[in-house]
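Just so it is clear, none of the values below were taken in a lab; they were calculated from the coordinates. Since we're looking at a predicted model, the values are computed, not measured. Positions of Cβ are backbone-derived with ideal geometry, glycine not excepted, and every protein chain shown enters the neighbour counts.
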Amino acid sequence: TVAGTIMGTPQYMSPEQHIGAATDAHSDQFSFCVALYEALYGRLPFAGETPAELSRSVRAGVVHPLPSPSPIPALVAAALLRGLQVDPD
């Protein structure tokens, strides 16, 4: 790998990866939450027909609305949405 190079599967990349910034454990947490969202809801949390559209959606933090009603407990959904926030703090 080379510093500043964008690498990864775009659908699972954190906002900082989409802009080529440094990554850390927060990036891993974000990617885990993307995968968990997909496992629980059957779709990815961010929309985008092209890599550029997907990147804009991720960087803006525009998550698909959660289905309602849902068998997923509200506390789990809230934690998942927190993990998908743009600001890792």
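Couple of notes before you dig in:
- Sequence-separation-based contact order of the chain, relative, with Cα cut under 8 Å and 6+ spacing, percent: 28 percent
- Rounded to whole numbers, the Karplus 3J(HN,Hα) couplings from phi for region 27-42 are 5, 5, 4, 4, 4, 4, 5, 4, 5, 5, 4, 4, 5, 7, 10, x Hz, using 6.51 cos²θ - 1.76 cosθ + 1.60 with θ = phi - 60°, and x at Gly and Pro.
- Among Ala47, Ala22, Ala35: highest mean-square fluctuation, GNM of the chain, C-alpha pairs under 10 Å: Ala22
- Translational diffusion of region 12-60 was estimated from the Stokes-Einstein equation, with Rh taken as the Kirkwood radius over Cα pairs; at 10 °C and 1.306 mPa s the coefficient is 144 µm²/s.
- Computed lengthening from Ala60 to Asp28, 0.36 nm per intervening residue step minus Cα-Cα distance: 9.7 nm
- Ordering Pro45, Thr23, Pro69 by the projection of their Cα atoms onto the charge dipole of the chain, which places +1 on the Cβ of Lys and Arg and -1 on the Cβ of Asp and Glu, puts Pro69 at the extreme positive end.
- Percent of Cα-Cα distances greater than 19 Å, calculated over the chain: 35 percent
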